[in-house]
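J.: Sharing a structure with you now.
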Amino acid sequence: SLNYTPVDDIDDIVLSTKKAYQKRQWHLAETNNPKKEDLKLRLEQLQKLYYGLKDHEDEIVDALKKDFNRSRLETFVIELIPLYNHLLHLIENLPRHIEPEKISESGDLFKLSSVKVERISLGCVLVISPFNYPVLLALDPVAAAIGCGNSVILKPSEQTPAAAQVMEKILRAALSPSWVRVVHGAVNETSALIKNPNFDKIFYTGSTKVGRIVAQEAAKNLVPVTLELGGKSPVFITEHLAPAKLKAALSRVFFGAFSNSGQTCVAADYLLVHESHLAQVRKLTTEVLDEFWPTVDPSTINTSMIHEAAYKGAMEKLNATGGQKVRPTNVSDNLPNRCIAPTVVFDVGWDDSLMEAENFSPVLPVISYRDLNDVVAKVMQQHRNPLALYIFSQEQQEIDRIMTMIKSGGCVINDTMVHVIALDAPFGGIRESGQGNYHGFWSFSAFTHERTVVKQPFWIEFINGVRYPPFSARKLTL
Ligand code: NAD
């Protein structure tokens, strides 16, 4: 079990991390070239993090197996490989990204001056992470925050205690505590953290419900937040998809619906199928499910629900639905603890319990539609701002129509989830699904302040007279 950090220690931990950040700034300020020294120190920490992860790879895999029965292969595909790629991309591009940006279009008044945007570190930042990708969604923002020159406090999810412990071990062994500290805990500990006025930024990934609490507490101290929240992300299979493409489309949808047993923020949550494809989609569903899960061996059904409450909640919805359930033909009834077999549910209505909140389980409800405008209006009414929007269509006008009306965090045409691993593209939600972006260059918008720096030469003083008093009528005519 996880030893929670005593609540009484939390303020001291925050203060000492903040002091460590300030001490580093004093050190930088006293060097001949603060920017160069800063880059060197940041890169050192990031490289140590990368090798620390590599050295403890097996322990991470074992931890996720222990926490929720995640298989080695799935952990690599959906957690470690994206994390390594992001980290290497950050290390490679950091020297370029931290260069101040020269602004050439500043207007006539600045023709003789220099105008730049410098991205400065914020200070001490708090990263709060969720259970579902416990390593990636903790260390990706931690790395980005370090790359941007900040000191960080990480509060990992208490629902994945083994992962939280391994991460602490890696961070302690590889990185300096002046750069990163870990606070363990649940609601009490996190509440103490988010109420602390000494943070310069809170980066929160988790549910929309808790995101609201974080935003409210942060607002009391005017601490800026990035919120990476939940989403009930729809998938459209429209009229204008050739029937020959349906099988590939369904494979991609099921990858998005069933990876990590559906416990993914950008999971394909529900499927909207044009009625002309429905019969074929039903037939192919069994075909694809049987190809993905061909044997009765329960060990091939991967990740389990994170805890008993999540398992019970998902099972209750499954039992309550009026729809028709389709599972892999050979699936065993004797599944490991808290595991649910991938299930596609046909003939679901908009008022079905599967259509209320995010499903966050390996259950994919399917609704068929006739009129695209009607179904788009329904999505907008029920789930205004999904985290992701997935459209399978081969007609651009139709794609444009859906994209114009449904404002989502991200969007993928003819696939699901892959936008998350695009290296230099922003990732984030909109309104209820989040605010602010990160990944690649966009991590700088999360973890730095953009400071405009104007440098004026003295020799232009002869033209400055016009802006000094007295404001004579003659000056106005110039
Ligand atoms: P959660 O909101 O329950 O927990 C996230 C973090 O908040 C944990 O560290 C937890 O300890 C803390 N927390 C929980 N209750 C709290 C409270 N009352 N006050 C303060 N802190 C509290 O989320 P979860 O169940 O771990 O993760 C699943 C959710 O996260 C889903 O809604 C999913 O869509 C979302 N998510 C979003 C993204 C994204 O990038 N947008 C990624 C992954 C998950």
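Throughout, read-outs are computed from the coordinates displayed, never taken from laboratory work. Please read these numbers as outputs of a predicted model, since none were measured by experiment. All Cβ positions, glycine included, derive from the backbone under ideal geometry; neighbour counts span all protein chains shown.
J.: Scan the stretch 363-371 and give yes if some residue there is of a type in the set (Lys, Arg) and surrounded by 15 or more Cβ atoms within 10 Å (Cβ to Cβ), otherwise no.
T.: The answer is no; no qualifying residue exists.
J.: Further question: In the stretch 33-48, which residues are without any contact (Cβ under 8 Å) to a residue 12 or more places away in the chain and either in contact with a helix residue (DSSP H, G or I) (Cβ under 9 Å, 6 or more places away or on another chain) or among the charged types (D, E, K, R) (or both)?
T.: Scanning the stretch 33-48 gives 34, 36, 37, 40, 44.
J.: Still on this structure: Pick from 256, 262: which is at positive phi and more than 10 Å from the ligand (Cβ to nearest atom)?
T.: After ruling out the rest, the residue left standing is 262.
J.: Which residue, of 130, 134, is touching a strand residue (DSSP E or B) at 6+ places or on another chain (Cβ under 6 Å), closer than 24 Å to residue 426 by Cβ and within 15 Å of the ligand (Cβ to nearest atom)?
T.: After ruling out the rest, the residue left standing is 130.
J.: Collect the residues in the stretch 219-249 that are surrounded by fewer than 24 Cβ atoms within 10 Å (Cβ to Cβ) and part of a helix (DSSP H, G or I), keeping them in residue-number order.
T.: 219, 220, 243, 244, 245, 246, 247, 248
J.: Pick out the one residue from 83, 109 that is within 16 Å of the ligand (Cβ to nearest atom) and either touching a His at 6+ places or on another chain (Cβ under 7 Å) or part of a helix (DSSP H, G or I) (or both).
T.: None of the others qualify; the one that does is 83.
J.: Give me the pairs, please: first residue somewhere in the stretch 256-276 and surrounded by fewer than 24 Cβ atoms within 10 Å (Cβ to Cβ), second residue anywhere and of a type in the set (A, V, I, L, M, F, W, C) and in a strand (DSSP E or B), beta-carbon distance under 6 Å, and either six or more positions apart or on two chains.
T.: 272/236; 272/367
J.: Quickly run through the stretch 163-179 and pick out the residues that are in contact (Cβ under 8 Å) with a residue 60 or more places away in the chain, more than 15 Å from the ligand (Cβ to nearest atom) and either in a helix (DSSP H, G or I) or not aromatic (Phe, Trp, Tyr) (or both).
T.: Selection gives 166, 169, 170, 171, 173, 174, 175, 176, 177, 178.
J.: Within the stretch 305-328, restricting attention to residues that are in contact with a Phe, Trp or Tyr (Cβ under 7 Å, 6 or more places away or on another chain), under 23 Å from residue 251 (Cβ atoms) and assigned to a loop (DSSP other than H, G, I, E, B), which residue is farthest from the ligand (Cβ to nearest atom)?
T.: 328
J.: Of the conditions (1) surrounded by fewer than 24 Cβ atoms within 10 Å (Cβ to Cβ); (2) within 22 Å of the chain's Cα centre (by Cα); (3) of a type outside the set (A, V, I, L, M), residue 147 clears all except one; give me its number.
T.: With respect to (1) surrounded by fewer than 24 Cβ atoms within 10 Å (Cβ to Cβ); (2) within 22 Å of the chain's Cα centre (by Cα); (3) of a type outside the set (A, V, I, L, M), residue 147 is out only on (1).
J.: Right, here's the next one. Among the residues that make up the stretch 130-138, is at least one of them under 27 Å from residue 452 (Cβ atoms), in contact with a helix residue (DSSP H, G or I) (Cβ under 6 Å, 6 or more places away or on another chain) and not acidic (Asp, Glu)?
T.: Scanning the stretch 130-138 turns up no residue that is under 27 Å from residue 452 (Cβ atoms), in contact with a helix residue (DSSP H, G or I) (Cβ under 6 Å, 6 or more places away or on another chain) and not acidic (Asp, Glu).
J.: Now for a separate question. In the stretch 300-347, how many are surrounded by fewer than 20 Cβ atoms within 10 Å (Cβ to Cβ), polar (S, T, N, Q), in contact (Cβ under 8 Å) with a residue 40 or more places away in the chain and closer than 25 Å to residue 76 by Cα?
T.: Of the residues in the stretch 300-347, 1 are surrounded by fewer than 20 Cβ atoms within 10 Å (Cβ to Cβ), polar (S, T, N, Q), in contact (Cβ under 8 Å) with a residue 40 or more places away in the chain and closer than 25 Å to residue 76 by Cα.
J.: Which of the residues spanning the stretch 250-273 are part of a helix (DSSP H, G or I) and farther than 23 Å from residue 380 by Cβ?
T.: 250, 251, 252, 254, 255, 258, 259, 260, 261, 262
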